[in-house]
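**Student:** Before I ask anything, here is the structure I am working with.
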Amino acid sequence: MTKRIGCAAIVLLAGALGVLTAAPAPAQAAVVTETVQGQYVQIVSSADWSAAAAMSDGRSVRWDLTVSAHAPDPGSVRVSVSASGAAPLSVDVRTCAESWRDSGCPSGERTLRAGWVVPRGGQPVEVEAISADDVAHLRLDVRVGGDARQGASTQIRVHADGFGDAVQIGPGAEHALPATGGAVPVLVIVVGGVLVLAAVTILVVGARRWRGGDER
């Protein structure tokens, strides 16, 4: 009987371990590069939006953008950021004179915004302006605020406007930045906890029966 109880407890503990390890793991890095092209203005965007779903407190999503124009006349291009949703976003915006590398800006970066809480009314807010013959290499580090409501999410977009041309780009609705990323689902925790509790109960009962048998 004692052996059967021990075996049952082992099975339950193994099941609990299986349930907990089956929880979704953080997504592997999968940087997606996209290009939006207007008549004159172009934005090239690179980001790992799948990482947004696993983003937790203190973590950020890196978003690199290259904004350029091929216009027939001199002029400027305005670069703006907009957000719409219920989750507050904090963004660092930096620019580089050349393409960004994983290690940073080779020629020295310039900070445009630091710890900026983006207004979520959907209206674009200008962060940079470049001449038509220049190229903007931007890097945004986007974080979800720690006071975000459970289940809330927000869409963020970058806009480039100039010469009567307007283009914009963002992560897409399926990759809206969530306030709940990185957590093990509650149901998984509950099921795993119940299995562990059941296993412990069986072991305690088995131990009592074993001690009772010795006393007899």
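The values are calculated or read from the model by the stated rules, or taken from the named source; none is laboratory data. All values reported here derive from a predicted model rather than from experimental measurement. Here the Cβ is made from the backbone with ideal geometry for all residues, glycine too, and neighbour counts use every protein chain on show.
**Student:** Counting just the residues of region 88-108 that are out of contact with any strand residue (DSSP E or B) (no Cβ under 7 Å at 6 or more places or on another chain) and assigned to a strand (DSSP E or B), which one comes out nearest to residue 68 (Cα to Cα)?
**Tutor:** 101
**Student:** Report, ordered by the first and then the second residue, all pairs with beta carbons closer than 7 Å, sequence separation of six or more or different chains, a first member in region 58-82 that is in a strand (DSSP E or B), and a second member that is basic (Lys, Arg).
**Tutor:** Pairs that qualify, where the first residue is in a strand (DSSP E or B) and the partner is basic (Lys, Arg), are 62/139; 64/139; 82/157.
**Student:** Residue under question is residue 96, and the condition is that it be buried (at least 19 other Cβ atoms within 10 Å of the Cβ), assigned by TED's automatic domain parsing to the domain that holds residue 49 and more than 20 Å from the chain's Cα centre (by Cα); does it hold?
**Tutor:** yes
**Student:** Same structure again: With the condition kept exactly as written, say whether any residue in region 181-188 is modelled with pLDDT of 60 or more, crowded, with 19+ Cβ neighbours inside 10 Å, touching a Lys or Arg at 6+ places or on another chain (Cβ under 9 Å) and not basic (Lys, Arg).
**Tutor:** Checking region 181-188: not a single residue is modelled with pLDDT of 60 or more, crowded, with 19+ Cβ neighbours inside 10 Å, touching a Lys or Arg at 6+ places or on another chain (Cβ under 9 Å) and not basic (Lys, Arg).
**Student:** Right, something else. Contact list please: Cβ distance under 6 Å, first residue in region 135-149 and more than 11 Å from residue 89 (Cβ to Cβ), second residue surrounded by fewer than 16 Cβ atoms within 10 Å (Cβ to Cβ) and at pLDDT 95 or above, pairs at least six apart or on different chains.
**Tutor:** Between residues of region 135-149 that are more than 11 Å from residue 89 (Cβ to Cβ) and residues that are surrounded by fewer than 16 Cβ atoms within 10 Å (Cβ to Cβ) and at pLDDT 95 or above, the close pairs are 137/99.
**Student:** While we're here: May I ask you to list the residues in region 99-111 that are within 22 Å of the chain's Cα centre (by Cα), within 18 Å of residue 45 (Cβ to Cβ) and either of a type outside the set (Asp, Glu) or modelled with pLDDT of 95 or more (or both)?
**Tutor:** 100, 101
**Student:** Checking residue 130 against (1) without any contact (Cβ under 8 Å) to a residue 40 or more places away in the chain; (2) crowded, with 18+ Cβ neighbours inside 10 Å; (3) farther than 16 Å from residue 170 by Cβ, which test does it fail?
**Tutor:** (1)
**Student:** On the given criteria, is residue 158 in contact with a Leu (Cβ under 6 Å, 6 or more places away or on another chain), buried (at least 20 other Cβ atoms within 10 Å of the Cβ) and in contact (Cβ under 8 Å) with a residue 60 or more places away in the chain?
**Tutor:** yes
**Student:** Now a separate question. Just to be sure I understand, how many residues within region 101-140 are closer than 18 Å to residue 159 by Cβ and polar (S, T, N, Q)?
**Tutor:** Counting residues in region 101-140 that are closer than 18 Å to residue 159 by Cβ and polar (S, T, N, Q) gives 2.
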